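To start, the structure under review is shown below, and the notes come after it.
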Amino acid sequence: MTLAAADRTAADHRPTAIASIASVLLASGAAILVGGSVAPTRPILLVAFGIALVAGGATERFDDTTEGWVLTGVGALFVLGAFLAAGAASADRLGRVVLYPALVGVTVLGIALRPVRDDWAAVLATTGAGLVFAAVLLAGVTRVADRFALLLGTVGVVAAWDAARYATTLGQQVGRTATTHRAEVVHVAATLLVGAVFVALAETAWAVGVTGLPLAGLLVFLGAAVAFLIVLYA
Amino acid sequence: MTTVRRTNHWRGVVAVALLAGATGLLFKRPFVLLTACVGAGYAIYPHVRPEPPVDVGVDRRLSETDPSPGDEVTVEVTVENESDRPLPDLRLVDGVPPMLTVADGSARHAAALRAGESTTFSYTLTAAHGTHQFRPTTVIARDVSGATEVETAVEPSTDELRALTALPDAPIEQDSSPFPGNVLTDESGEGVEFSRVREYRRGDDRSRIDWNRFARTGDLSTVEFRREQSVTVVACVDARAPAYCGAESGPHAVSHGVAAAQELLEAVWDRNEKAGLAALGRELCWLAPGQGTDHEERVRHRLLSHPTLSPRPPSDAESDSVHEAQLRELRTRLGPATQLLLITPLPDGFIVDAALELAADGRELTVVSPDVTAPETPGERLAAVERRNRIHRLRRGGIRVVDWDTEATLAEALIRARTRWSQ
C-alpha cells in the first residue's frame, strides 16, 4: 500500500458494504443451486441471514453499542442453528456431502468479510470460496446437480471470491466512510457478465456434442488449454 | 509520477480450471469438465482489458481560505474523466495538509466514470493554527477486472489555508553582526533607546554628554544607548529518518518541524531581518538568508516541496556519514555570525553532538524541540526519558532549548522559554 495516511480521522477501513453483501449472496446462491433437490436449503439460508445480522452489528451505526452486540449475538446464534439444522436434517448422505462444505465455506467467507483480522481476510476469503467450490465439484461428481446448475454454481463461486477480495482491498484503500457504490456495482456486474459469456460458450460446446470425442482427445485439448494458461501467466 | 502495478487480485483463479479439469477426468464426469471451461474463461479475463487511461482533471474548492483556528472548512473536490474511454474503477485520495484533521466525511472516494463524466465529493476540515497547503491528489485507476492498477498524482490549483494567531518574538539572540539593524541588543553604544550612564571618557561624542547631570553635580558623564544590530537567522529542520517519529494519532515530528520553521521564519521577517532555511535528511536543503517577498515565497515553496521535508518518511535510512557530510557543508555555508534555530525532536545522540559542534563555532544556537513522545508503553516512556537527558545535555553545553509540547502552540512554548531564560 503506497498511499500515505493523508487524512487523520479514524477512518473505517473494513470491507465495503455492497461488494460484501454480493459476495455472501452469490456464495449462498451457488451452494443452494448445486444442492438441488437433494440437499436441504434451509441451513444455507439460515447461515446467510446470520452473517447478515453479524455484519449489521459491525456497521458504523451499531459498532460498539449494545444494539450492535445484540445483533452480533443473534447472528451467531443463527449460524449455529444452521449447523444444527444441517446435522438434524433428514437428507440422504449425498445431500449432506454437498451441504457441509458449502455451509462451512459460506461461514468462513462471512468471517473474512467481518473481518476478524485484516491480514487474514484474503486467506479466509479464498478458503471460504474454495470450500463452496469443493461442494460444487462434489455435486458434479455425485451427479446431484445438473449441467446448468454446475456451470452457474462455478460462476457464483468465482464471482463471490472476486467480490470478497474487491470489498477488502477497496475498504483498505478508500474505506467505508467514502461513497463507493457505483464502482462496486460496476465491478461485480462485470465479473458476472464474463461468467455469463463463458457459460453460454460452454453450453454451446455441449450442444455441439463434445462427448462424442474420445477421452484421450479431451485430455490433449485440456493439456493445450493448461499450457496456454501457463504461458499467459509467465 | 505514474506507477503501473499488477495487483494480484485474480491470482489463483487458474486453480478453478485445473481442479475442475482434474476432478472431471478422474471421475469421468463431462459436466465437471465443462465447468473447467468457465474457470479457464476467468483465467483469461484479467489479461483481456488493457491499462485504463488516466487522464483526469481534479478541481478543489475551499469554502473559505482564511478561517480562524478551530473553524470548520468544507472542501469540495470534482474529478472529471478527460479521456475518451470509460474509467470503470477510479479511487481518489485527496492530499489533506499533514497537520489538519478531517472532521466529517472522507477525503477518499471511489467512482466509475464514463468518458467526459465527472463526480464530486466533499469533506470538512478543522482549521488549525498555521499556514497549510494541500498536497497533490492521488488517483488510482484500475481496469474493469481489477488486475492492473495505475497510480498517479494530480495537482489541482488551490489556495493555501491560513489560520493564524500572532507569534511572539522569535528566540533570536540580541548580539550578532556589527551592521545596524532593528534588533535591540544588550550592548551599549550608539542607538535610540536609553541603556545607561557612564563616566565621561576622552573622545566621547559631545552630543551624548548628559548635560543635565553636569549642571546638577558638575560631573561629566556620557549616556549610552542600546545598540541596534542586524541579525541573520537560519532555521534548520532535522528531517533525517529517526526524526520521523511521533504518536500514531497525530502528525510526526517533521511535519511539526516544518510548521514551526514556517512560523519562526515569518516572525523573523516581520522584524525586517534576514532569514533562511536548511534541512538535514535525504539531501541537504539550503536557502541562504534573505529578505523580501520573493525570498519569502521561495522559502515557503521550498518548505512545501523539497523532498527532504516530505511528509513521507524515507524508505531506507541514510547512514550517519551522509549526515556528517551534510553537517560539514552546512557549517561552511553558515557564517560565524548567523544565528541558528535547530528544530528537532531529539531522536538520537547524533543531533545533540551536531548541535554542540555548531555552537562551539561561536554562533548563537537555539534548539526548538517538539515533544512527540506519548508515554503509554514502557518503550515510549524510555524514549521520553532519553529525550529529557538530551535536553539536559544541551543546556549544560550552554545551548538554549525550547521544549515544545505539541498540544500547546509554539507561541506558548516560546513565552514559557523566554520567562525561564530571563530568570
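Of note:
- FRET efficiency for A:Arg117 and B:Glu376, using Cβ-Cβ distance with R0 set to 22 Å, rounded to 0.05: 0.45
- 10 Å binning of all Cα-Cα separations within the stretch B:378-423, expressed as whole percents from 0 upward: 25, 45, 28, 2
- Taking the charge dipole of chain B about its Cα centre, with +1 at Lys and Arg Cβ atoms and -1 at Asp and Glu Cβ atoms, the residue from B:Leu394, B:Val32, B:Tyr123 reaching farthest to the positive side is B:Val32.
- Reciprocal of mean inverse Cα separation for the stretch B:257-317 (Kirkwood radius, Å): 12.1 Å
- Annotation for B:Ser230 and B:Arg395: the two label points, set 7 Å from Cα along the Cα-Cβ direction, are 3.6 nm apart.
- Using alpha-carbon coordinates, inclination of helix B:378-396 to the longest axis of chain B, degrees: 30 degrees
- Total formal charge among the other residues, if their Cβ is under 9 angstrom from that of A:Gly57, Lys/Arg +1 and Asp/Glu -1: -2
- When both bridge partners sit in the stretch B:203-300, DSSP labels roughly 40% of those beta bridges antiparallel.
- Net dipole in debye of the stretch B:66-128 [+1 Lys, Arg Cβ; -1 Asp, Glu Cβ; about Cα centre; nearest 20]: 280 debye
- Around B:Val234: net Lys/Arg minus Asp/Glu count, Cβ-Cβ under 10 Å: +3
- Between B:Val48 and B:Asp316, full extension at 0.36 nm per residue minus the direct alpha carbon distance yields a gain of 92.8 nm.
- Annotation: amide H-H contacts under 5 Å for B:Val237 (H modelled 1.01 Å from N, sequence separation of 5 or more, or interchain): B:Ala278, B:Ala279, B:Leu280, B:Ile343.
- GNM flexibility winner over chain B from B:Ser157, B:Ser207, B:Ser118 (Cα, springs under 10 Å): B:Ser207
- 3J(HN,Hα) couplings calculated from phi for the stretch B:84-99 with the Karplus curve 6.51 cos²θ - 1.76 cosθ + 1.60 (θ = phi - 60°) are, in sequence order, 9, 10, x, 10, x, 8, 10, 10, 10, 10, 6, x, 5, x, x, 8 Hz; Gly and Pro show x.
- Maximal additional length on extending the B:Thr3-B:Glu324 stretch stands at 112.2 nm, based on 0.36 nm per residue less the C-alpha distance.
- Folded to 0 to 90 degrees: helix A:66-88 orientation relative to chain A principal axis, Cα: 30 degrees
- For the stretch B:275-337, the relative contact order works out to 34 percent when only alpha carbon pairs closer than 8 Å and six or more residues apart are counted.
- Relative protection proxy for A:110-119, B:309-318, from highest mean packing down: A:110-119, B:309-318 (other beta-carbon atoms within 10 angstrom).
- Only beta bridges with both residues in the protein assembly as shown are counted; by DSSP, about 75 percent of them are antiparallel.
- Per-residue HN-Hα couplings for the stretch A:122-136 [Karplus 6.51, -1.76, 1.60; θ = phi - 60°; Hz; x = Gly/Pro]: 5, 5, 5, 4, 5, 5, x, 5, x, 5, 5, 5, 4, 4, 4
- Volume per residue of the convex hull around the Cα atoms, evaluated for the stretch B:214-308, comes out as 168 Å³.
- Taking other residues whose beta carbon is less than 9 angstrom from the beta carbon of B:Val56, and scoring Lys, Arg as +1 and Asp, Glu as -1, yields -3.
- For the stretch A:95-203, the C-alpha radius of gyration divided by 2.2 N^0.38 Å, with N the number of residues, is 1.15.
- Ligands, DNA and RNA aside, B:Val58 has an accessible area near 20 Å² when probed at 1.4 Å.
- In chain B, the longest principal axis of the Cα atoms and the axis of helix B:349-360 are about 30 degrees apart.
- Base-10 log of normalised Debye intensity for chain A (one unit scatterer per alpha-carbon) at q = 0.09 Å⁻¹: -0.44
- About the centre of its Cα atoms, chain B shows a dipole size close to 1080 debye [charges on the beta carbon of Lys, Arg (+1) and Asp, Glu (-1) only; nearest 20 debye].
- Site pair A:Leu80 and B:Ser422 shows an inter-label distance of 7.1 nm when each label is modelled 7 Å from Cα along Cα→Cβ.
- log₁₀ of I(q)/I(0) at q = 0.07, 0.10 Å⁻¹ - chain B, Debye sum with one point per alpha carbon: -0.51, -0.84
- Relative contact order, percent, chain A [alpha-carbon distance under 8 Å, six or more residues apart]: 30 percent
- For B:Lys274, nonlocal amide neighbours, meaning residues 5 or more places apart or on other chains whose placed amide H falls under 5 Å from its own, are B:Val231, B:Val233.
- Once the C-beta distance of A:Thr65 and B:Glu386 is scaled by a Förster radius of 51 Å, the resulting FRET efficiency is 0.75 to the nearest 0.05.
- Student exercise, the protein assembly as shown dipole from Lys, Arg, Asp, Glu Cβ charges, in Debye to nearest 20: 2240 debye
- A simple spin-label model places pseudo-atoms 7 Å from Cα toward Cβ; at A:Leu193 and B:Glu248 they are separated by 4.2 nm.
- Estimated FRET transfer efficiency when R0 is 56 angstrom, pair B:Ala408-A:Arg96 (beta carbons, to 0.05): 0.25
- Percent of Cα pairs in the protein assembly as shown per distance bin of 10 Å, from zero to the largest separation: 3, 13, 18, 17, 15, 12, 9, 6, 4, 2, 1, 1, 0, 0.
- GluC sites (Glu not before Pro) restricted to DSSP loop in the stretch B:4-107 with at most 16 other C-beta within 10 Å: B:Glu64, B:Glu82
- Candidates A:Phe148, A:Val197, A:Val136 compared by Cα position along the dipole of the stretch A:136-205: farthest toward the positive end lies A:Val136, with charges placed on Cβ.
The values are calculated or read from the model by the stated rules, or taken from the named source; none is laboratory data. Not measured: the values here are computed from a predicted model. So basically every Cβ, Gly included, is an ideal-geometry build from the backbone, and we count neighbours across all protein chains shown. We work out accessible area using only protein heavy atoms, side chains counted, and drop any ligands, DNA or RNA first. Shrake-Rupley method; radii C 1.70, N 1.55, O 1.52, S 1.80 Å.
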